[in-house]
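The values are calculated or read from the model by the stated rules, or taken from the named source; none is laboratory data. Since the structure is predicted, the reported quantities are computational estimates derived from the model, not experimental observations. FYI the Cβ positions are ideal-geometry reconstructions off the backbone, even for glycines, and counts take in every protein chain you see. Remember, those area values only see protein heavy atoms, side chains included, never the ligands or the DNA or RNA. Shrake-Rupley method; radii C 1.70, N 1.55, O 1.52, S 1.80 Å.
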Amino acid sequence: MTVSRGEYCVVACAEAWRGNGEVLASPMGLIPSLAARLAKHTFSPDLLLTDGEAMLVGLDGTVEGWLPYRRHLALVTGGRRHVMMGASQLDRHGNQNISCIGDWQRPTRQLLGVRGAPVNTLNHPVSYWVPRHSTRSFVARVDMVCGVGYDSAAAAGPAATRYHRIPRVVSDLGVFDFETGDRSMRIVSLHPGVSPAQVRKATGFDLAVAGEVPCTREPTADELRLIRTVIDPDGLREREVAS
């Protein structure tokens, strides 16, 4: 059975929540949302999902509980939330930009704004999904730090590193982490058909590599069934990630 690039990406994003236990999963965007549901369906059944407002919901959308704002903040500031969000720019130490392109005093492009990125990254794990891997998104230095990277957190001192963690970055080319001595971005795996040379050419900084780079794991037969018939029967994943 042929597996599409979009399906590899859904599984790779779902893996970010493996072993998390009972934490609030906060996926932002289509592929992360599909991935969180896949993770809860399979290897992370204790994940908490919300309706985007104040209700905890089950896999079918049934309300399972109430999550008042004060309780939500307790999860956010206590490390019991795992966000997967987007990034207009990411650098080699995981600093993320979603605010502006160019000098922030006179930007050439205005984006979403800083929003909750600093609080999120300093208080609980944050992973990233980048649907178009290029030198425009993977840059030597972000134009503005919104999500805090490992070097910025270390410079701010112990209070900034207590809950700070960037478990995974997933793009349409591969999977990356920061499990290196200097906490710089490392290639974990590449999706089928992607070469190390291709991903290096599409990245604005040197990526760390530990030995031979494996392929991103394939979805299991059950995961494919869930993706195709339960979680995303309309195939929206293929509109976001070209095969």
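Here is a check on your reading of the model: is residue 34 without any contact (Cβ under 8 Å) to a residue 24 or more places away in the chain and closer than 22 Å to residue 232 by Cβ? Against the criterion (without any contact (Cβ under 8 Å) to a residue 24 or more places away in the chain and closer than 22 Å to residue 232 by Cβ), residue 34 does not qualify.
For the stretch 165-200: of the residues being free of Cβ contacts under 8 Å to residues at least 24 places away in the same chain and assigned to a helix (DSSP H, G or I), which is farthest from residue 127 (Cα to Cα)? Residue satisfying both the conditions and the ranking: 197. If you go through the stretch 149-164 and keep only what is at pLDDT 95 or above and assigned to a loop (DSSP other than H, G, I, E, B), you end up with just 149. Of all residues in the stretch 41-57, exactly one satisfies the criterion of being β-branched (Val, Ile, Thr), outside any loop (DSSP other than H, G, I, E, B) and touching a residue at least 24 places away in the same chain (Cβ under 8 Å), namely 50. Under the condition of being surrounded by fewer than 16 Cβ atoms within 10 Å (Cβ to Cβ) and touching a helix residue (DSSP H, G or I) at 6+ places or on another chain (Cβ under 7 Å), the residues counted in the stretch 218-241 number 2. How many residues are touching a residue at least 40 places away in the same chain (Cβ under 8 Å), open to solvent by 40 Å² or more (accessible area, probe 1.4 Å) and among the β-branched types (Val, Ile, Thr) if we restrict to the stretch 140-164? Selection size over the stretch 140-164: 1. The lone criterion from (1) in a loop (DSSP other than H, G, I, E, B); (2) in contact (Cβ under 8 Å) with a residue 60 or more places away in the chain left unmet by residue 60 is number (2). A residue that is within 29 Å of residue 18 (Cα to Cα), modelled with pLDDT under 95 and surrounded by fewer than 21 Cβ atoms within 10 Å (Cβ to Cβ) cannot be found anywhere in the stretch 125-132. Of all residues in the stretch 77-119, those satisfying the criterion of being more than 22 Å from residue 139 (Cα to Cα) and open to solvent by 10 Å² or more (accessible area, probe 1.4 Å) are 77, 78, 79, 80, 81, 119. Only residues that are outside any loop (DSSP other than H, G, I, E, B), polar (S, T, N, Q) and over 13 Å from the mean Cα position of the chain (by Cα): list them for the stretch 94-130, please. Within the stretch 94-130, 97, 110, 123 meet the criteria.
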